[in-house]
Amino acid sequence: MRKIWNVLTATTMVAAACGFAGAAAAADNKEVQMLHWWTSGGEAAALNVIKEALAKQGYTWKDVPVAGGGGEAAMTTLKAMVAAGNPPTASQILGYFALDYADAGKLGDVTPLAVKGDWAKVIPTALQKFTTTNGKWDAVPINIHSVNWIWLNKAVMDKIGGTEPKNFDEFLALLDKAKAAGVIPLALGGQPWQEATMFDSVVMSTGGPEFYKKAFIDLDESALKSDTMKKSFDNLAKLRGYVDPNFAGRDWNLATAMVVKGDALAQVMGDWAKGEFKVANKEPGKDYLCYRFPGTDGTVIYNTDMFAFFNVSADRKDAQNALAAASMDPAVQSAFNVIKGSVPARIDVSDAAFDMCGKKGIADVKAANAKGTFLGSMAQNYAQPPAIGSGAYHDVVTKFFHGQIKTSDQAVAELDKAINAAM
Ligand code: BGC
């Protein structure tokens with residue numbers, strides 16, 4: 001059993017047992033109890049697609065929302081619920097978090113549906129590592145997000161005469177133009193997961209896909225300590241110079257809102273940001289622009305939102321299966337992802353309903369998957385287990401970004417040390 005269970009205190013368990021006992025007792029076989037962190041406008045709108053699909057089949061929805069982008073708070077709540085013996089029907093979950101629950105024997109089984117629906121044929125193999133355990137399907141992927149995007153306000157771009165930056169230096173030159181025009185160049189929420197998510201793109205842009213893979217997926221020590229990794233930290237420090245003074249602690253969707261309103265030029269963020277433009281009725285190409293993070297074209301740093309299915313009592317299994325089936329329905333995947341900003345996890349879903357950014361996203365996933373540049377996000381726990389991803393990595397990146405670690409030499413040494421300690 002990995003570290004996930006060790007950090008749970010007895011107090012939290014007792015509190016959770018009391019807090020959620022009522023929910024479990026009230027559950028009947030027509031109720032879907034779902035834990036998630038989709039609380040922003042765009043996220044909530046996307047989740048409605050799934051709620052409505054289940055409502056049509058007569059299921060009621062018991063929402064367990066835990067605010068906090070990136071899902072760290074949600075994972076703490078989930079841990080408490082599972083430890084207290086009151087797991088939800090399903091939980092939104094990322095990467096290695098699911099593998100930890102599978103290792104601990106906490107997950108259920110929706111394999112008969114997977115066999116019937118031939119899911120193995122339509123879900124990229126890379127994702128099946130996280131949705132299956134020894135051939136058993138215990139989670140389903142509702143989407144594929146990717147983190148290496150930048151989102152720009154089109155009117156601000158026009159005002160400063162900006163064009164698409166094709167590499168990191170051009171990106172800095174563009175940000176300089178915004179600064180000169182008195183616009184905040186970069187909208188950022190200064191929270192560890194957001195800074196780390198941005199750093200994924202910086203590392204890919206600085207070192208390319210081979211380097212990214214060596215450092216983050218293979219944990220090759222020479223890559224982690226290399227000059228390229230130092231240069232990545234130096235490049236991150238350069239971006240630090242373009243954020244406004246109030247960035248610390250800001251939620252990601254508030255940073256997106258700055259770009260939506262034209263208070264800032266750009267945000268580096270996963271394509272869930274697009275959901276916020278969409279819910280504000282903004283159109284790509286007209287109101288905003290989506291580009292791959294400069295220097296990362298041809299690569300997709302992915303994370304996929306999975307729904308993990310827990311071991312539940314027999315009377316709750318029907319609802320669990322209904323949620324799994326609805327989530328894997330091609331029409332639901334299309335409708336959900338059009339709103340969410342992500343692309344369908346099923347590669348057989350048509351791109352017809354998607355806007356220009358969504359069409360690019362779908363094409364990029366296919367191309368990257370074919371040429372081996374479809375790589376898991378370190379910040380989002382798709383490259384390494386949480387002790388390394390949202391533990392060591394988030395910690396060092398945020399300390400560097402906020403000046404507690406002062407140089408890239410020191411940052412590289414600290415990252416290597418923290419990763420080794422977490423292994
Ligand atoms: C999830 C997205 C979510 C984002 C912000 C990411 O970890 O994959 O679905 O929109 O966090 O909350």
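Annotations for the structure displayed:
- Any chance residue 410 is over 22 Å from residue 98 (Cβ atoms) and of a type outside the set (Val, Ile, Thr): yes
- Of all residues in the range 209-231 being among the small types (Gly, Ala, Ser) and surrounded by 18 or more Cβ atoms within 10 Å (Cβ to Cβ), the one that is nearest to residue 367 (Cα to Cα): 215
- When residues in the range 294-318 are screened for being among the polar types (S, T, N, Q), within 18 Å of residue 368 (Cβ to Cβ) and touching a Lys or Arg at 6+ places or on another chain (Cβ under 7 Å), 0 of them pass.
Residues are listed down the side, and each one gets a yes or a no for (1) buried (at least 24 other Cβ atoms within 10 Å of the Cβ); (2) under 19 Å from residue 62 (Cβ atoms):
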{"site": "301", "(1), (2)": "yes, no"}
{"site": "314", "(1), (2)": "no, yes"}
{"site": "334", "(1), (2)": "no, no"}
{"site": "340", "(1), (2)": "yes, no"}
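- The condition of being away from the ligand (no atom under 13 Å from the Cβ), modelled with pLDDT of 95 or more and not small (Gly, Ala, Ser) holds for only one of 66, 32, that being 32.
- When residue 113 is tested against the conditions (1) closer than 23 Å to residue 381 by Cβ; (2) in contact (Cβ under 8 Å) with a residue 40 or more places away in the chain; (3) not hydroxyl-bearing (Ser, Thr, Tyr), the lone failure is (1).
- Residue count for the range 259-270, restricted to those that are within 16 Å of the ligand (Cβ to nearest atom) and surrounded by 24 or more Cβ atoms within 10 Å (Cβ to Cβ): 5
- Of the strands (runs of 3 or more DSSP E) lying entirely inside the range 236-319, those containing at least 1 residues that are assigned by TED's automatic domain parsing to the domain that holds residue 194 and charged (D, E, K, R) span 288-292.
- In this structure, residue 73 does not satisfy being part of a helix (DSSP H, G or I) and either in contact with a strand residue (DSSP E or B) (Cβ under 7 Å, 6 or more places away or on another chain) or under 21 Å from residue 325 (Cβ atoms) (or both).
- The one condition from (1) among the β-branched types (Val, Ile, Thr); (2) surrounded by fewer than 19 Cβ atoms within 10 Å (Cβ to Cβ); (3) touching a Phe, Trp or Tyr at 6+ places or on another chain (Cβ under 6 Å) that residue 203 does not meet is (2).
The values are calculated or read from the model by the stated rules, or taken from the named source; none is laboratory data. This one's a predicted model, so the numbers in the text were calculated from it and none came from an experiment. Cβ: placed from backbone, ideal geometry, glycine included. Neighbour counts: every protein chain shown.
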